[in-house]
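Notes follow the structure.
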Amino acid sequence: MSTDAARVITPDPARPTSRGPGPGHPVGEHAPPSAAGHRVRPDARPGGRHGRDGQHVSPSDSKHFRNVLGRFATGVVAVTAIDEATGEPCGLAANSFASVSLDPPLVAFCVAHTSTSWPRVKATGRLCVNVLAETQREVCDRLAARGGDKFAGLSWSLSPAGGPVFDGTLAWLDCTIETEHPAGDHVIVVARVHGLDKHEDGNPLVFFRGDYGRFHA
């Protein structure tokens with residue numbers, strides 16, 4: 001998907017810098033294409049941290065890896081479900097969400113192996129993806145935190161398939177879990193969409209360079 005009227009993403013000066021809900025996005029193995037559509041020559045790459053082969057990133061470079069990938073702006077979603085064992089809502093925040101396929105309709109997001117919320121969501125076999133608005137920073141902070149009642153004080157209702165949809169969410173997608181793919185310290189979750197719709201109008205919550213900002217179109 002693309003936009004034809006994207007302008008500047010402005011960080012919110014009233015908000016402290018945050019690590020945010022996710023690690024960023026994976027990097028491909030090959031050199032990126034140049035503006036002319038050709039592969040960039042290894043000797044033509046801009047300066048930066050790299051191994052002797054120009055591609056290797058060591059574990060000690062994780063902070064640099066996060067900082068560089070943080071320059072790719074993303075939206076933020078809340079992945080929610082109703083815990084069948086307790087009947088209580090559960091969920092997590094992710095900025096690694098993407099559409100995957102139209103036929104069949106598939107989406108994907110990444111979850112850290114250390115997540116304590118994902119096992120609860122996964123156990124239900126179904127989930128609801130909330131596309132968060134710029135006014136829903138509190139929702140993101142709550143679902144990105146560890147422990148406690150993440151839904152306390154937040155207003156939400158049920159989607160047609162029974163997943164929590166937060167008031168003010170831009171859109172929702174009812175999904176079932178299709179498959180999982182281990183990927184380093186995360187797992188890539190592919191989910192099949194069974195229902196979706198717009199919910200509210202507004203601008204998206206945007207994550208960029210370790211902080212939250214606003215999208216101006």
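To keep it simple, each residue is scored yes or no on (1) farther than 25 Å from ASN203 by Cα; (2) of a type in the set (Gly, Ala, Ser).
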| residue | (1), (2) |
| --- | --- |
| GLY91 | no, yes |
| LEU106 | no, no |
| LEU132 | no, no |
| ARG142 | no, no |
| LEU158 | no, no |
| THR169 | no, no |
| THR176 | yes, no |
| GLU180 | yes, no |
| VAL189 | yes, no |
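Which is of a type in the set (Asp, Glu), assigned to a helix (DSSP H, G or I) and farther than 13 Å from CYS175 by Cα, of ASP61, ASP103? None of the other options fit; the residue is ASP61. Among the residues of the stretch 123-146, those identified as among the β-branched types (Val, Ile, Thr) and surrounded by 24 or more Cβ atoms within 10 Å (Cβ to Cβ) are VAL129, VAL139. Taken as a whole, the structure places GLY22 among residues that are surrounded by 10 or more Cβ atoms within 10 Å (Cβ to Cβ) and either modelled with pLDDT under 80 or in a loop (DSSP other than H, G, I, E, B) (or both). Across the stretch 190-217, the number of residues qualifying as surrounded by 18 or more Cβ atoms within 10 Å (Cβ to Cβ) and either closer than 16 Å to ARG137 by Cα or of a type in the set (Asp, Glu) (or both) comes to 9. Cβ-Cβ contacts under 9 Å between residues 6 or more apart (or on different chains), taken from a first residue in the stretch 106-128 that is at pLDDT below 95 to a second residue that is among the polar types (S, T, N, Q) and in a strand (DSSP E or B), are listed as GLY125/THR176. Close Cβ contacts (under 9 Å, 6 or more residues apart or on different chains) running from residues in the stretch 77-89 that are over 25 Å from ALA133 (Cα atoms) to residues that are among the polar types (S, T, N, Q) comprise GLU84/THR124.
The values are calculated or read from the model by the stated rules, or taken from the named source; none is laboratory data. Quick caveat, the model's predicted, so the values are computed rather than measured. Glycine gets a Cβ as well: all are built from the backbone with ideal geometry, and neighbour counts include every protein chain shown.
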